[in-house]
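Comments concern the structure below.
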Amino acid sequence: MGKHYIESSTIKYVDYDRSSHTLKIAFPDKPSKHYVEVPHEVYDALITSGSPGTYYHDHIEGKYDKKSE
């Protein structure tokens, strides 16, 4: 889908691959994380959230497996 930059102090941008359901989250101060089998609805909710950092911590981190690089 391409990078979607987010106005957040926690997240720099996100990128979602619909075919593999992989969500990449880039942070301003630490390495990016790739999560697998993330539904598109979760990506949509993240990018439209009023607080993307909170949404990430509450709904993604620890809920989906990370992809090995």
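The values are calculated or read from the model by the stated rules, or taken from the named source; none is laboratory data. Everything quoted here is computed from the prediction, not taken from an experiment. Ideal geometry is used to build each Cβ from the backbone, glycine not excepted, and the neighbour counts take in all protein chains shown. Heavy atoms of the whole protein, side chains included, go into the accessibility calculation; ligands, DNA and RNA do not. Shrake-Rupley method; radii C 1.70, N 1.55, O 1.52, S 1.80 Å.
Return the residues of segment 44-61 that are out of contact with any helix residue (DSSP H, G or I) (no Cβ under 7 Å at 6 or more places or on another chain) and either open to solvent by less than 90 Å² (accessible area, probe 1.4 Å) or more than 16 Å from residue 16 (Cα to Cα) (or both); say none if nothing qualifies. Listed by number, the residues that qualify are 44, 47, 50, 51, 53, 54, 57, 58, 61.
Among the residues making up segment 25-49, a single one is among the small types (Gly, Ala, Ser) and in a helix (DSSP H, G or I): 45.
Take the conditions (1) touching a residue at least 24 places away in the same chain (Cβ under 8 Å); (2) open to solvent by 20 Å² or more (accessible area, probe 1.4 Å); (3) of a type outside the set (Phe, Trp, Tyr); residue 41 misses just one of them, which is (1). Just checking, how many residues over segment 16-39 are in contact with a His (Cβ under 6 Å, 6 or more places away or on another chain) and farther than 13 Å from residue 65 by Cα? Adding up the residues that qualify gives 0.
Look through 5, 16, 64 and report the one residue that is open to solvent by 90 Å² or more (accessible area, probe 1.4 Å) and touching a strand residue (DSSP E or B) at 6+ places or on another chain (Cβ under 8 Å). Unique residue meeting the criteria: 5.
Of note, residue 11 does not satisfy the criterion of being modelled with pLDDT under 95 and of a type outside the set (Ser, Thr, Tyr).
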